[in-house]
Amino acid sequence: MFTVPGTDGIRGFKMALDEVGGEINGKKIEWVLGPTDATPDTAVRVARKVIEQDQVDFIIGPLSGSEGIALRDYAKTIPNKTIINAASGALETTYVDPAPNFFRYNLDGAQWGYGLGSYVVKEKGWKKIATIAADYSFGYTNFMGFAVDFCKAGGTITERFWLPLGSGDFASIIAALPDDVDAIYLGVGGTDAINFLNQYQQAGGDTNLIGGTIMADQTVLTARGKAKEALVGTPTSGPQADDWDNENWKKFVKKYQDSFPAAERFPSPSLFATNYYNATKAALMALKAIDGKLDDNQTNFHKALAAVELDAPNGRITLDENRQAIGSSFITEVVEGSDGKLHNTFKAKVDNINQRLGMTKEQFDALGRPSRTTPDCSKL
Amino acid sequence: MSGFVQRNPAGTVIMALVVAVVLWAIIAPWPAGMETAFGRKRIFLNAIFNGITLGALYFLVASGFTLIFGLMKNVNLAHGSLYLLGGYIGYEFAEATGMWLLSFVVVFLIVAAVGIALQYLVFRRMEGEDLRQTLVTIGISVVMADIMLWIWGGQSYQILTPDWLSGPVTLPLIAGLRGNGDVVYLTFPAVRIAILVASIALGILMWLALNRTRIGMLIRAGVDDRDMLAASGVKVQVVLVVVFAFGAGLAGIAGIVGGTFQSIVAGEDMRFLLASLVVVIVGGMGSILGAALGAVLIGLAEQLGSVYAPTYSVVLTFLIMALVLAFRPQGLLGR
């Protein structure tokens, strides 16, 4: 289910590596690819394999939420090595009991969702919504970021539905959606998103939609068929906006398009390509700062990584005390381009989002960890 | 029928009561107390109908699977790949010509031909060696999955619903009452109704073909005792090829159906192989009626579960399977 995102992630990784010609200080960087199937067991098995058998110094990865949590725990058993998260977005990975050698240069799912809530209330006037999101950690986390902001801005959530991953047929849940709401928040991705939109159209649904971060990414927008057209006009939020008018971003997109033939890539980089690129870039910057010489226990590398300030294509990224990124999220809307293809158009950018979503530690902890019932809007 | 009533008077009364209650719940508008207890009637009706349509899809996949198993005693683990192949070909054809209905014919023929090739080139050479055949089918499914990933990539494909089937229709079933007493009728996706009607028609045709025609008689005889059938001068190989082609073609058609109201993507082959295995285990290996019953049960469990017990909906299917295996290991209608 994550084959396509994974492949695009590797494109981002290769772009960052090519920028330095594949070497630091005259030392060639050797790399091996450890393929996973987005399950935590496989992620740990593959990580163990590349550390123990291939004897790598550090890992860039993983991609998916539960994998990240599993690798955080694995990182604690290999204190002399380093794991640099590539795209996984579970909140717990760096917030709860973090590992000192685990670094994350991308925002977590809650940070990606932040900013969209107040946008839909203020700009769109949608105050009463029902929500549907994927029933797993990323679904909860991404929804939490949205909901905290949405409820603070004065919105109400009448009902919350949770979709089991990969169940294929959502028709009954679609039928259970209330009619008297301004919009419906959709926090699903990939094939589930396509199936949902398809069945939503067949059932004659025509309410406004609000998208979670993976709802309207390139994997969904490039799917074959008409389902995705239901998304036109849908606001979403995430770590990037395809047509953001910014020098750094435009350079990055052009480089992506130039580096790979059109048939072997998306029209513009997916968030996975961007996140893998950023993670690799940060690793290379840290390696350069220590002239490519790692201590036996890699303390100098860890220090250099923590100090990295990344002028990433999608905004400035710094790390907090838990080695978690503080950065920007983008509000975008799906539009149909002149070529008939769908893409996300830039609407707004929210800077300096930290992992506690602008709250103090006490306030944030009082909300509880992301789950089906968190956040409780009446407590905000 | 009357024999059953005489043997199980209590059971008959209970079953009649259950049927009456379910019919009442579907037809009559719900009183307010019941709506507060079970949620709106619209949700219940939709879950029931969606469960049955999902069951129709499972039936299309599983009926071919169960026939092939019954006759050849061969668990064809490449059956899911035939489903996926049918979906992809159906997408390509419907996209190129815009003819959704015709794509069923084309896909049936092409996938049936693949089935014949499999039977003629592979399985005929290892007849009677159950384990070897099963292992070979796993190998074939892996190879086919990789080839399809190579051709069609990892993205989702969705087969376009023709205009006359897109959108919802209103059914003459009461979904609820508005505040002012107006009756609200149930709306339901047109394409799902079409699929449901077509599957029921197909099921009846298959039942008739099996029970009323000569070839059906041969197939049933083959399921019961293949050696005896061969000994009475029937060319069993021909029967095998026909059944295999038919079962494969049905799986291909199911691919179009699945691609129309869900989507086609790498990995669906395994999901539908698993679904047909569960359906066939619940319904009974080799029985068409069993496949229909099993498919509807599993479809209903998935859809009702997704609305009323989302946490346990995944487990529900396997719970049914475990219960059947514990109390009736040959399947509900198996012999």
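Show me B:109-120, A:266-277, B:14-25 ranked by packing, highest mean number of other Cβ atoms within 10 Å first. Mind dumping the intermediate values first?
On the way: B:109-120: 19.8, A:266-277: 26.4, B:14-25: 10.9.
Result, highest mean first: A:266-277, B:109-120, B:14-25.
Between the DSSP loop rule and a limit of at most 12 other Cβ atoms within 10 Å, which trypsin sites (Lys or Arg not before Pro) in the stretch A:240-331 are left? Don't skip to the end; give the middle numbers.
On the way: sites: A:Lys250, A:Lys251, A:Lys254, A:Lys255, A:Arg265, A:Lys281, A:Lys288, A:Lys293, A:Lys303, A:Arg316, A:Arg323; in loops: A:Arg265, A:Lys293, A:Arg323.
In loop regions of the stretch A:240-331 (DSSP not H, G, I, E or B), the sparsely surrounded trypsin sites (Lys or Arg not before Pro) are A:Lys293.
Quick one: helix B:79-97 against the long Cα principal axis of chain B, what's the angle to the nearest 10°, folded into 0 to 90?
So the inclination is approximately 80 degrees.
If the elastic network links every pair of Cα atoms under 10 Å, which of A:Phe150, A:Phe170, A:Phe260 fluctuates the most in the Gaussian network model of chain A?
A:Phe260
Loop only by DSSP, 13 or fewer other Cβ within 10 Å of the Cβ. Give me the trypsin sites (Lys or Arg not before Pro) in the stretch B:217-254 that pass, ordered by residue number. Working shown, then result.
Working: sites: B:Arg220, B:Arg226, B:Lys235; in loops: B:Lys235.
Answer in residue order: B:Lys235.
Give me the percent of the accessible area of the stretch B:47-327 that comes from carbon and sulfur atoms, probe 1.4 Å, all protein chains in place. Numbers along the way, then the final one.
On the way: 8450 of 11690 Å².
Here it works out to 72 percent.
When the label point is put 7 Å from the Cα of B:Leu323 along its Cα-to-beta-carbon vector, which residues of the stretch B:287-312 have a backbone N closer than 16 Å?
Under 16 Å, as judged by backbone N against the label point of B:Leu323, lie B:293-306, B:308-309, B:312 of the stretch B:287-312.
Over all Cα pairs of the stretch B:47-327, how is the pair count split among 10 Å bins, expressed in % and running from 0 up to the last occupied bin?
Over the stretch B:47-327, the share of Cα pairs per 10 Å bin runs 7, 27, 34, 22, 7, 2, 1, 0 percent.
According to a simple spin-label model (label point 7 Å from Cα along Cα-to-Cβ), what is the distance in nm between B:Arg124 and B:Thr97?
Between B:Thr97 and B:Arg124, the label points sit 2.9 nm apart.
On average, how many beta carbons from a partner chain sit within 10 Å of the beta carbon of a residue in B:47-53?
On the way: counts 5, 1, 3, 9, 3, 0, 2.
What the average comes to for B:47-53 is 3.
Counting only other chains, and only Cβ atoms inside 10 Å, what mean value do you get across the residues of B:162-173? Don't skip to the end; give the middle numbers.
Numbers: counts 0, 0, 0, 1, 4, 4, 5, 1, 0, 0, 0, 0.
Partner Cβ neighbours, averaged per residue: 1.
Within straight cross-link reach of B:Lys235, meaning Cα distance under 21 Å, which lysines are found once same-chain residues fewer than 8 apart are removed?
B:Lys73
With a 1.4 Å probe, how much accessible area is buried between chains A and B, both sides summed, in Å² to the nearest hundred? Show your work: numbers first, answer last.
Numbers: alone 15950 and 16730 Å², together 30050 Å².
Rounded to the nearest hundred, the buried surface is 2600 Å².
Looking at chain A as a GNM with Cα springs under 10 Å, which of A:Trp162, A:Trp31, A:Trp112 has the largest mean-square fluctuation?
Judging by the Gaussian network model, the answer is A:Trp31.
Could you order the peptides A:6-18, A:64-76 from most to least packed, using the average number of other C-beta atoms within 10 Å per residue?
Working: A:6-18: 20.8, A:64-76: 22.5.
Highest to lowest by the protection proxy: A:64-76, A:6-18.
Quick one: among A:Thr207, A:Thr360, A:Thr299, which has the greatest mean-square fluctuation in a GNM of chain A with alpha-carbon springs under 10 angstrom?
A:Thr360
Applying 1/(1 + (r/R0)^6) with R0 = 41 Å to the Cβ-Cβ distance of B:Val183 and B:Ile215, what FRET efficiency is obtained, to the nearest 0.05?
Here the calculated transfer efficiency is 0.25.
Can you list the residues in the stretch B:233-269 whose accessible area drops by at least 50 Å² when all protein chains are present, compared with the chain alone? Use a 1.4 Å probe, heavy atoms only.
B:Gln262
B:Gly39's amide H: which non-local residues (gap 5+, or another chain) put their own amide H closer than 5 Å, with H modeled 1.01 Å from N in plane and none for Pro or chain starts?
none
Starting from the Cα of B:Leu109, step 7 Å along the direction of its Cβ; do the same at A:Lys251; then give the gap between the two resulting points in nm.
In this crude spin-label approximation the distance works out to 5.8 nm.
Pull up all non-local amide H partners of A:Leu319: gap of 5 or more, or a different chain, and H-to-H distance under 5 Å with H placed in the peptide plane.
For A:Leu319, the qualifying residues are A:Ile326.
Please list, or write none, the lysines whose alpha carbon is within less than 27 Å of the alpha carbon of A:Lys303, excluding same-chain residues fewer than 8 places away.
Straight-distance partners of A:Lys303: A:Lys14, A:Lys27, A:Lys28, A:Lys49, A:Lys76, A:Lys81, A:Lys281, A:Lys288, A:Lys293, A:Lys361.
Principal axis extents for the protein assembly as shown, Cα atoms only, whole Å, descending order, please.
Extents along the principal axes: 84, 69, 50 Å.
Per residue of B:150-157, how many C-beta atoms from partner chains lie within 10 Å of its own C-beta, taken as a mean? Before the final figure, lay out each step's value.
On the way: counts 0, 0, 1, 6, 10, 12, 16, 5.
Across B:150-157, the average partner-chain Cβ count within 10 Å equals 6.
At a 1.4 Å probe, which residues in the stretch A:215-245 are at least 40 Å² less accessible with all protein chains present than in their chain isolated?
Flagged in the stretch A:215-245: A:Arg224, A:Lys226.
Tell me the mean residue ellipticity at 222 nm calculated for the protein assembly as shown from its helices only (DSSP H runs of n ≥ 4, each -39500 (n - 2.57), averaged over every residue, nearest 500). Spell out each step's value before the answer.
On the way: 28 runs with 384 residues, N = 715.
Theoretical 222 nm ellipticity from helices: -17000 deg cm²/dmol.
May I ask you to give the solvent-accessible area per residue for the protein assembly as shown, in square angstrom, as obtained with a 1.4 angstrom probe? List each step's numbers first, then the result.
Working: 30050 Å² over 715 residues.
The answer is 42 Å² per residue.
Report ³J(HN,Hα) in whole Hz for each residue of the stretch A:294-305, in order, from the Karplus equation J = 6.51 cos²θ - 1.76 cosθ + 1.60 where θ = phi - 60°; Gly and Pro get x.
Ordered by residue, 3J(HN,Hα) equals 8, 4, 4, 9, 6, 4, 5, 5, 4, 4, 5, 5 Hz.
So for chain A: antiparallel DSSP bridges make up what percent, rounded to the nearest 5?
Details: 21 of 45 bridges.
Close to 45 percent.
Work out the FRET efficiency for A:Ser259 and B:Leu149 from their Cβ-Cβ distance, taking R0 = 30 Å, and round it to the nearest 0.05. Provide the component values of the computation, followed by the final result.
Numbers: r = 23 Å, r/R0 = 0.77.
Calculated transfer efficiency: 0.85.
Between A:Asp179 and A:Asp320, what FRET efficiency comes out of the Förster formula 1/(1 + (r/R0)^6) with R0 = 51 Å and r the beta carbon distance, rounded to 0.05? Intermediate values should be presented prior to the final figure.
Details: r = 43 Å, r/R0 = 0.84.
For A:Asp320 and A:Asp179, the calculated efficiency is 0.75.
Could you let me know the centre-to-centre spacing of the stretch B:1-60 and the stretch A:71-95, using Cα atoms, in angstrom?
50
Can you send over the carbon and sulfur percentage of the accessible area for chain A, probe radius 1.4 Å, protein chains only?
Values: 6940 of 14550 Å².
Of all accessible area on chain A, carbon and sulfur atoms account for 48 percent.
Report, in whole Å, the centroid distance computed from the Cα atoms of the stretch A:156-204 and the stretch A:222-253.
21
Could you work out how far apart the two model spin labels at B:Asp227 and A:Asn300 are, taking each label as a point 7 Å from the Cα in the direction of the beta carbon, and quote it in nm?
Spacing of the two 7 Å Cα→Cβ label points: 7.8 nm.
Could the peptides B:134-143, B:77-86 be put in order, highest first, of the mean number of other beta-carbon atoms found within 10 Å of their residues?
Values: B:134-143: 15.7, B:77-86: 28.8.
In decreasing order of mean packing, B:134-143, B:77-86 become B:77-86, B:134-143.
The values are calculated or read from the model by the stated rules, or taken from the named source; none is laboratory data. If you're wondering where the values come from, they're calculated on a predicted model, not measured in any experiment. With ideal geometry, Cβ positions are generated from the backbone for all residues, glycine too; neighbour counts draw on all protein chains shown. Note: accessible area is taken over every heavy atom of the protein model, side chains too, but ligands, DNA and RNA are not part of it. Shrake-Rupley method; radii C 1.70, N 1.55, O 1.52, S 1.80 Å.
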